[in-house]
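Data block below; observations after.
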Amino acid sequence: MQALLGADPIVTAPAPGGVVATGRGRRTLVLGLAGLGVLAAAGLSLALGVRGVALADTWQALVGPVAGDVDHAVIRGQRVPRTVIGLLAGAALGLAGVLAQAVTRNPLADPGLLGLNAGASLGIVVAATTFGVVAPAASIWFAFVGAAIAAVLVFAIGHGRPVQLALAGATVSALLAPLTTLLLFRDVDALDSLRFWAVGALTGRDLDAVAALWPFVVLGAVVAAPLAHRLNGLALGDDVAAGLGQRVGVTRVWAGAAIVCLAGAATALAGPIALVGLAVPHAARRLVGTDHRWLVPLCALLGAAMLLVADILGRLLGDEELEAGVVAALIGAPVLIAVARGRRVAGL
């Protein structure tokens, strides 16, 4: 595991002959294969489950009338929203993860480990329990406020240092998660409406939630895309980046805004799902190197694929379904261990 996803530093600049110096053709091929992987995962997400449906019937259910067919109703009513939510939330978490690791220069950074998911979750629960707001179009603003407050707390406590940021994020998450649970269990109505969302699931939301929240995922991606080349400058260090004419503070502010937007939208869609944003960037670096112009789009694709695969495995393993957040944590935990045990990370 360490050899595949291990602790290569995320702050190294591209160097001839190194891992970073992969050819454009190879990187393009990797992106293409990742795109095909996302399509394959989406197809399997529509076809597989407690009730198996043939791929031909799945396609017919998408393009043809329901006409009272049970399989068609299951696919359209349950699996299509579930798949679309997985695609959006996974892509958002993958993007937020690579941005967080680049901005903090911390290989352990992740929206969940830095407390942003916990802050967004608390915001959504406060909206439901205090103001009676459960509609995604309205609760998303509470998620943004919660994620932003958590981010400010973490950076204030951690002073921008990699190890301290990780510790501060764990502390903030440990404080906010029990408070979120307490508020939920004190309000039966809120608990009933958010019971699937609270454990990190692709169920419990419909296409109305997708329609309300997809613009925020797109907005975060649009903000992140032009920052990619600037993140390469940050990898060289603040002084070097400033010497090259880059406005380091402005880059961090825009990247932070994108992270909050992406983490808040993902949390509003699928609940507090952890470790996707950690595992995906490390896997992506092994495939295309450390150039963020390639990492950013690849992390979006790999994040979507990873969350969908986690959801599919959760449906098929055991007699009862496991939520996608649980399976994603099981997948991401070995990556966290491998990164934490890395020699270079230990020296931060």
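The values are calculated or read from the model by the stated rules, or taken from the named source; none is laboratory data. Computed from a predicted model, the values in this text were never measured in an experiment. All Cβ positions, glycine included, derive from the backbone under ideal geometry; neighbour counts span all protein chains shown.
Condition check: assigned to a helix (DSSP H, G or I), touching a residue at least 24 places away in the same chain (Cβ under 8 Å) and within 21 Å of the chain's Cα centre (by Cα). Does LEU234 satisfy that?
Values: assigned to a helix (DSSP H, G or I): yes; touching a residue at least 24 places away in the same chain (Cβ under 8 Å): yes; within 21 Å of the chain's Cα centre (by Cα): no.
Against the criterion (assigned to a helix (DSSP H, G or I), touching a residue at least 24 places away in the same chain (Cβ under 8 Å) and within 21 Å of the chain's Cα centre (by Cα)), LEU234 does not qualify.
A quick yes/no check of all residues on (1) exposed (fewer than 15 other Cβ atoms within 10 Å of the Cβ); (2) at pLDDT below 75:
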site	(1), (2)
LEU46	no, no
ASP57	no, no
ALA61	no, no
PRO65	yes, yes
GLY68	yes, yes
ALA73	yes, no
GLY77	yes, no
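In the range 43-66, the residues that are farther than 21 Å from LEU202 by Cβ reach residues that are exposed (fewer than 15 other Cβ atoms within 10 Å of the Cβ) with C-beta atoms within less than 9 angstrom, at least six apart or across chains, in these pairs: VAL66/ALA73; VAL66/GLY77. Put simply, of VAL288, VAL309 the only residue that is within 14 Å of the chain's Cα centre (by Cα) and modelled with pLDDT of 90 or more is VAL309. Hey, among the residues in the range 217-238 that are within 15 Å of GLN101 (Cα to Cα) and of a type in the set (A, V, I, L, M), which one's surrounded by the most Cβ atoms within 10 Å (Cβ to Cβ)? Ranking the qualifying residues of the range 217-238, first place goes to ALA224.
On the given criteria, is VAL152 farther than 16 Å from PHE216 by Cβ, modelled with pLDDT of 90 or more and either touching a Ser or Thr at 6+ places or on another chain (Cβ under 7 Å) or crowded, with 21+ Cβ neighbours inside 10 Å (or both)? No: the conditions fail for VAL152. Among the residues that make up the range 156-164, is at least one of them buried (at least 19 other Cβ atoms within 10 Å of the Cβ) and free of Cβ contacts under 8 Å to residues at least 60 places away in the same chain? Yes, the range 156-164 has at least one match.
A single entry from VAL218, VAL210, VAL199 fulfils the requirement of being of a type in the set (Val, Ile, Thr) and free of Cβ contacts under 8 Å to residues at least 12 places away in the same chain: VAL218. Residues of the range 86-133 that are of a type in the set (Ser, Thr, Tyr) and touching a residue at least 60 places away in the same chain (Cβ under 8 Å): THR104, SER121, THR129. VAL19 meets the conditions (1) in contact with a Gly (Cβ under 8 Å, 6 or more places away or on another chain); (2) modelled with pLDDT of 90 or more in every case but one. The failed one is (2).
Test LEU219 against the criterion of being closer than 24 Å to VAL125 by Cβ and touching a Cys at 6+ places or on another chain (Cβ under 7 Å), and give yes or no. So that I can check it myself, show each step before the final result.
Details: closer than 24 Å to VAL125 by Cβ: yes; touching a Cys at 6+ places or on another chain (Cβ under 7 Å): yes.
Against the criterion (closer than 24 Å to VAL125 by Cβ and touching a Cys at 6+ places or on another chain (Cβ under 7 Å)), LEU219 qualifies.
The combined condition, being closer than 17 Å to ASN106 by Cβ and surrounded by fewer than 21 Cβ atoms within 10 Å (Cβ to Cβ), is fulfilled by ALA241.
Scan the range 237-263 for residues that are touching a residue at least 12 places away in the same chain (Cβ under 8 Å) and part of a loop (DSSP other than H, G, I, E, B) and jot them down. GLY237, GLN246, listed by residue number.
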